[in-house]
Amino acid sequence: MESRLTDLEVKVAFQEDLIETLNLTVARQQQQIDLMQAQFRVLYQQVRAAAPTASESHPQHEIPPHY
């Protein structure tokens, strides 16, 4: 009985360590996701600001060059 109790205590200790490690990993990944989302927003805004509107780039009355 003493041996089983010791084995269970060891398993619980390893599980607690694993849970803490996984928690830190998830927290770090969330920070990375937040950073990438912020970078994506900035890039999206830059592309939208730099891209001409559809009417400027392809006027509707213009015949395509292959005609």
Exercise. How many nm separate the modelled label positions at Arg41 and Ile63, each set 7 Å beyond the Cα in the direction of the Cβ?
Worked result: 4.8
For this session: Sticking with the crude label model, points 7 Å out along Cα→Cβ, report the distance from Gln32 to Arg48 in nm, one decimal please.
Result: 2.8
Exercise. Using the alpha-carbon atoms, what tilt in degrees (0 to 90, nearest 10) does helix 2-50 show relative to the longest principal axis of the chain?
Worked result: 10
Seminar exercise, completed: Share of accessible surface on carbon and sulfur in the chain, whole %, 1.4 Å probe and ligands ignored, is 61
For this session: Please identify, among Ala38, Ala49, Ala27, the residue showing maximal mean-square fluctuation in a Gaussian network model of the chain using a 10 angstrom Cα cutoff.
Result: Ala49
Exercise. Given (i) 51, 20, 16; (ii) 53, 20, 15; (iii) 89, 25, 12 as candidate values of Cα extents along the principal axes in Å, which corresponds to the one derived from the coordinates?
Worked result: (iii)
For this session: Mind giving me the nanometre distance, one decimal, between the label points for Leu18 and Thr6, set 7 Å out from Cα along Cα→Cβ?
Result: 2.2
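The values are calculated or read from the model by the stated rules, or taken from the named source; none is laboratory data. Here the structure is a predicted model, which means the values were calculated and not measured. Note that we place each Cβ from the backbone using ideal geometry, even for glycine, and neighbour counts take in every protein chain shown. Surface areas here come from the heavy atoms of the whole protein model, side chains and all, with no ligands, DNA or RNA. Shrake-Rupley method; radii C 1.70, N 1.55, O 1.52, S 1.80 Å.
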